[in-house]
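Rule-based calculations on the coordinates, nothing more; no lab input. Please read these numbers as outputs of a predicted model, since none were measured by experiment. Every residue, glycine among them, receives a Cβ derived from its backbone with ideal geometry; neighbour counts consider all protein chains shown.
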Amino acid sequence: MLNQGAKILVVDDEKGIRRFLENSLQNQGYEVFLAENGRKALQLFKSKHPDLVLLDLNLPDIFGGDVLKEIRKEHSTPIIVLTVLNSDKDKIEILDLGADDFLTKPFSVAELGARVRVALRHGANLKDTPLYKNGPLEVDVNLRKVRVQGKEIKLTATEFDLLKLLISWEGKILTQNFILTNIWGAFANEQTHYVRIYVANLRRKLETCEEMKGFIKTEQGVGYRIDKIEE
C-alpha cells in the first residue's frame, strides 16, 4: 500500500470523529496519533513528527488556524483541514491559512483515503529530480528546499509540489486542469480557484528580486508556464 506506515496526527475535539478517523486510517495501514485540543496537537506534532495532519479548526482551547500557523512557522508538513464550511470564500480562507487541502464534513472513507494519499504524495521526499537552478532560484527536491539569491524560502508542501511541477515542465504551458489533476487529484477537478490561489502565493514568495519578477507567466485562458531566466 502506498505510504503504508505513514504517521498521521488527527486533531478534533469530537470523540466520535476521532474514533472514526483512527479506525479508518489504521485499517489503511497508517499509524495514528490523536489530539482533542490544540495544545496537545502541538505537543504531539513536536514529539511524533507526523507525515500528515488532519486538523479541525473548532478546538476548545486554541483556534485551529493558529495551530496551523504555528506548524507552518518551521514545517511544510501536509495539513488537511476538517470543516463544516463549504462556501468558496471559506475554502479560500482555509487555503490562505496555509492548509494544503480540506475535507468538508461529513465525508466518506473513500474520499478520506483519496485525500490522504494525495497529501502524503505531496509530502514525500522525491528523489528522482536533480538540483534545479534557474537564475537566482535553486530548488533541491531531495531536501525540499527552495532558495532565491541564497536565501531560503519557506513553502507549504502543496506550494512546493506546484513549483516542482512547473519546473519539471519548464517552457511548457500547463493547463489548470493538468495542474489540478497532478497536484490535487480527481476530487478537485472543478476547484480552479486552487490554482489561482497557489500561483499567487508562489509569486509572492518567489518574486523577491528583480530577476524573479514575472517568473511564473500566465497564459490567459489556458494556464501557466515558466521559462529559463536569461543570465
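Structure above, values below:
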quantity	calculated
Cα-based convex hull volume of segment 1-123 per residue, rounded to whole Å³	91 Å³
Positive-end extreme of charge dipole, the chain - chosen from Leu97, Tyr194, Met212 (charges on Cβ)	Met212
Cα-based convex hull volume of segment 139-198 per residue, rounded to whole Å³	94 Å³
Rounded to whole Hz, the Karplus (6.51, -1.76, 1.60) HN-Hα couplings of segment 208-225, x for glycine and proline	9, 9, 4, 5, 8, 4, x, 4, 8, 9, 9, 9, 3, x, 10, x, 9, 8
Selected from Ala157, Ala35, Ala119 as most flexible by GNM, with the chain as the system and alpha-carbon contacts under 10 Å	Ala35
Estimated vicinal HN-Hα couplings, Hz - segment 162-173 in sequence order (Karplus 6.51, -1.76, 1.60; Gly, Pro = x)	5, 4, 4, 4, 5, 6, 5, 10, 3, x, 9, 7
Size of charge dipole - segment 1-123 - debye, nearest 20, with Cβ of Lys, Arg +1 and Asp, Glu -1, no other charges	320 debye
Taking segment 1-134 and dividing mean pair separation by its residue count, relative contact order in percent (alpha carbons under 8 Å, at least six apart)	22 percent
P(r) of segment 69-177 over all Cα-Cα pairs, binned every 10 Å from zero, in whole percent	13, 39, 34, 13, 1
Charge dipole (debye, nearest 20) of the chain; +1 at Cβ of Lys and Arg, -1 at Cβ of Asp and Glu	340 debye
Most mobile listed residue (Leu202, Leu103, Leu131) in the chain, GNM with C-alpha springs under 10 Å	Leu131
Candidates Gly98, Gly185, Gly221, ranked by Gaussian network fluctuation over the chain, Cα under 10 Å, top entry	Gly221
